[in-house]
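The values are calculated or read from the model by the stated rules, or taken from the named source; none is laboratory data. All figures in this text were calculated on a predicted structure; none of them were measured in a lab. Please note: Cβ atoms are built from the backbone with ideal geometry, for glycine as well, and neighbour counts cover all protein chains shown. These area figures cover heavy atoms from the full protein model, side chains too; ligands, DNA and RNA do not enter into them. Shrake-Rupley method; radii C 1.70, N 1.55, O 1.52, S 1.80 Å.
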Amino acid sequence: MGRNLARNFARNGYTVAVHNRTAARTHELVEEFGDEGDFIATESAEDFVAALERPRRLVVMVKAGEATDAVIAEFTSLLEPGDVIIDGGNAHFADTRRRERELREQGVHFVGTGVSGGEEGALNGPSIMPGGSKESYDSLGPILEKISAKAKDGAPCVTHIGPDGAGHFVKMTHNGIEYADMQLIGEAYQLLRDVAGYSPVQIADIFRVWNTGRLESYLIEITAEVLSHVDAATGNPFVDVVLDQAEQKGTGRWTVQVALDLGVPVSGIAEAVFARSVSGHAALRDASRHLAGPTARKPGEDEAATFADQVEQALYASKIVAYTQGFHEIAAGSEQYDWNIDLGKVAAIWRGGCIIRAAFLDRITSAYEAQPQMPSLLSDKSFAEEIAAAQNDWRTVIATAATQGVPTPAFAAALAYYDSLRAERLPAALTQGQRDYFGAHTYHRIDRVGTFHTIWGGDRTEVES
């Protein structure tokens, strides 16, 4: 991504100094792509910094963690007040907050920047999520807007997210939504194959049709491409020759861990992370092959087509929940760290370039523009009405999955979240009673203000604490 991002800057008319720990890779880039723009190959940190005009703007694209700290330490001593370091990697936002604070004391701006779109997006226009000071964005904004993706209305897919770690926090949550989105698509695929009996090529055609409607998105588009691909070596569907053990780089886990710290329910994202974990425990799965399952029943052609339509409803409703949970986490993080993140602008810059770009982000943008303090995306009337219309099919799909023995943890978690929000009473009242019984943790009442504790045993006296 770093190489392609450098090429993107050069293609847009900027002179780009390039530095890498391995000088040969730097020269290879310039030799191979030098006709795309103006590059300056440098072999030392000193030469690299000297090649930059003031205020210097250094884009760092290295592995998160110690590698990032090492690069920052290498260059900071060569910089001057007002210079800017842009970390475009997937750093943990807490590290970004620390780095921004430390460099601020030296007069150097540190901009933790989420960049989404993969290698192709980095080259042709990614969605960019910069944090850091407003002063640094005043310097960087016009440059980032030029290299960013553009939404269908021409708007650049970049905005100043907020102070210190806000940009990397939003990118982290973006990736969490991405995990959920991919898991939901995977569950839809497995239902269409194992329950409806469609082949991968037939499912690819179904996804292509879905991509012409409300599910239009990058992930739906590439899913059809993957499912239609045939392995050249075996002649089998590509998806059948790939080992079914999904890997992960950590941002999904961070999303769930941070949500737990914030007390935000992101159950759909969590189930997507756990689903990848389950897939990776090969020994555990092999040892469980003897476990009995239900007798599968294959539907007729008309019944299969009806079921496919129901899966589309379930997928759409569950995707709305995944985005709802992600935006709730961003709002909670913004409040916790006093970032003042504009959720409408976040939705707007995800409309192009990024992995989770989707047609309905236009509507999410409009919903938050109309109600900036909206407590939940499901508070928006149009989304609430769509889920209401989808819920019977959504429930049927999950019930069918259970009776047919097809795991759908993300679908089920999304529905449980929806039902939890609409429930008049939750069993949390019983939970509080249990906590008060064994730990004197107290409880609140619905009929009067105060904190209470019941002395369990005897006449069970209630006392106000």
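Taking 0.36 nm per residue of separation and subtracting the Cα-Cα distance, full extension of the segment from Glu385 to Thr454 would add 20.6 nm. Select one label from [x] 94, 68, 42; [y] 62, 43, 35; [z] 77, 69, 47: the one whose number is Cα extents along the principal axes in Å as derived from the coordinates shown. Matching entry in [x] 94, 68, 42; [y] 62, 43, 35; [z] 77, 69, 47: [z]. Helices that extend 18 Å or more along their long axis by alpha-carbon positions and average at least -0.5 on the Kyte-Doolittle scale are, among the DSSP H runs of the chain, 134-147, 166-194, 267-280, 301-337, 381-404, 409-422.
Identify the trypsin sites (Lys or Arg not before Pro) of the stretch 429-465 meeting these criteria: DSSP loop state and at most 15 other C-beta atoms within 10 Å of the C-beta. Answer by residue number: Arg445, Arg448, Arg460. For the chain, the solvent-accessible area works out to 49 Å² per residue, with a probe of 1.4 Å and every protein chain left in place.
Note on Glu119/Arg214: beta-carbon distance plugged into 1/(1 + (r/R0)^6) with R0 of 30 Å gives a FRET efficiency of 0.55. Under the combined filter of DSSP loop state and at most 12 neighbouring Cβ atoms within 10 Å, the stretch 101-142 retains these GluC sites (Glu not before Pro): Glu105.
So, counting K/R as plus one and D/E as minus one, what does the shell of residues with Cβ under 15 Å around Lys381 add up to? Surrounding charge for Lys381 is -2.
Ranking Gly186, Ala70, Thr234 by Cα position along the charge dipole of the chain, where only Lys, Arg, Asp and Glu carry charges on their C-beta atoms, puts Gly186 farthest toward the positive end. Using alpha carbon centroids, what distance separates the stretch 285-331 and the stretch 17-40, in Å? About 47 Å separates the Cα centre of the stretch 285-331 from the one of the stretch 17-40.
The stretch 346-403 and the stretch 227-241 have Cα centres spaced 33 Å apart. Shown here for the stretch 356-465: chymotrypsin sites (Phe, Trp or Tyr not before Pro) in loop regions (DSSP other than H, G, I, E, B) with at most 13 other Cβ atoms within 10 Å, namely Trp456.
Computed from the Cβ-Cβ distance with R0 of 51 Å, the FRET efficiency linking Ser44 to Glu145 stands at 0.95.
How much FRET efficiency would the formula 1/(1 + (r/R0)^6) give for Glu424 and Asp240, where r is the Cβ-Cβ distance and R0 is 45 Å, rounded to 0.05? E between Glu424 and Asp240, to the nearest 0.05, is 0.45. For the chain, with all protein chains in place and a probe radius of 1.4 Å, 51% of the accessible heavy-atom surface sits on carbon or sulfur.
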